[in-house]
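J.: Take this structure first; my questions come after.
The values are calculated or read from the model by the stated rules, or taken from the named source; none is laboratory data. If you're wondering where the values come from, they're calculated on a predicted model, not measured in any experiment. Glycine gets a Cβ as well: all are built from the backbone with ideal geometry, and neighbour counts include every protein chain shown.
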Amino acid sequence: MLRKVGLYILSLWLLFLFITVLTIDIPINFGEGAEFVGLIPLLSNNIVAFTSIVLLFVGVGVFRYFRFTLKGSTHIPFEITKVESINYEHLTFLATYIIPLICFDLESARYLIILVLLLVSMGMIYIKTDLFYANPSLALLGFHIYKVDGNFKGDRQKQGIILLSRARLTQNQKVKYIKLDDRIFYVKPVL
């Protein structure tokens with residue numbers, strides 16, 4: 001569950017970056033007599049931007065943890081019997097959720113409350129429906145999404161499982177995997 005929440009925050013990385021760029025207000029004056037406005041006024045004028053920056057760093061931490069986890073031990077390899085690329089899911093998430101959210105009036109407290117409620121609601125749906133694999137940030141980091149059928153140890157067949165991989169996958173290829181969820185795996189080709 002915590003991994004899914006982390007991957008949801010990572011999926012919003014672009015949104016947090018856009019919000020930071022849209023809302024940050026740092027007074028810059030290099031003229032004579034210029035002085036620092038102070039940390040408290042700077043923070044109070046940039047609450048939304050600094051919150052987004054903190055969430056960006058949380059996303060970086062989640063990715064580092066995700067990458068560390070993926071270096072761990074894998075299960076016994078299985079063979080891909082049918083493969084379909086579903087990389088378009090990255091763009092669906094980006095176009096449907098991230099881009100419309102940057103159009104909110106980020107100066108209005110009412111719109112900020114609505115944005116937070118919307119992000120929490122989306123997160124709950126994202127986690128309950130196991131859509132954490134449709135993560136545009138992972139696409140930018142070189143991951144591909146596949147829907148496959150596989151032949152597992154003991155002649156067990158699994159159909160319609162979702163694979164995340166940095167490598168391109170093909171039919172009849174053997175892959176080792178780390179289970180992210182019941183039907184979602186991170187895989188690496190067996191060399």
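Results for (1) assigned to a helix (DSSP H, G or I); (2) free of Cβ contacts under 8 Å to residues at least 24 places away in the same chain, shown as yes or no for each residue.
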residue: Asp105; (1), (2): no, yes
residue: Arg110; (1), (2): yes, yes
residue: Met124; (1), (2): yes, yes
residue: Ser137; (1), (2): yes, no
residue: Gly150; (1), (2): no, no
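J.: For region 25-40, indicate whether the set of residues that are surrounded by 11 or more Cβ atoms within 10 Å (Cβ to Cβ) and modelled with pLDDT under 85 is non-empty.
T.: yes
J.: Quick check, is Ile145 closer than 15 Å to Phe185 by Cβ, in contact (Cβ under 8 Å) with a residue 12 or more places away in the chain and β-branched (Val, Ile, Thr)?
T.: yes
J.: For region 164-183, how many residues are in a strand (DSSP E or B) and touching a residue at least 40 places away in the same chain (Cβ under 8 Å)?
T.: Total meeting the criteria: 6.
J.: Being assigned to a helix (DSSP H, G or I) and surrounded by fewer than 17 Cβ atoms within 10 Å (Cβ to Cβ) is the requirement here; does Val120 meet it?
T.: Criteria met by Val120.
J.: Still on this structure, please answer the following. When you look at Ile76, is it surrounded by fewer than 12 Cβ atoms within 10 Å (Cβ to Cβ), at pLDDT 85 or above and over 18 Å from Phe16 (Cα atoms), yes or no?
T.: yes
J.: Out of Tyr177, Tyr146, I need the residue that is farther than 19 Å from Tyr8 by Cβ and out of contact with any Pro (no Cβ under 8 Å at 6 or more places or on another chain). Which one?
T.: Just one listed residue meets the conditions, Tyr146.
J.: Output the residues belonging to region 1-24 that are exposed (fewer than 10 other Cβ atoms within 10 Å of the Cβ) and part of a helix (DSSP H, G or I).
T.: Once the filter is applied, which keeps residues that are exposed (fewer than 10 other Cβ atoms within 10 Å of the Cβ) and part of a helix (DSSP H, G or I), region 1-24 yields only Leu2.
J.: Please go through region 149-166 and pick out each residue that is within 25 Å of the chain's Cα centre (by Cα), more than 10 Å from Arg183 (Cα to Cα) and either surrounded by 20 or more Cβ atoms within 10 Å (Cβ to Cβ) or modelled with pLDDT of 90 or more (or both).
T.: Matches in region 149-166: Asp149, Leu164, Ser165.
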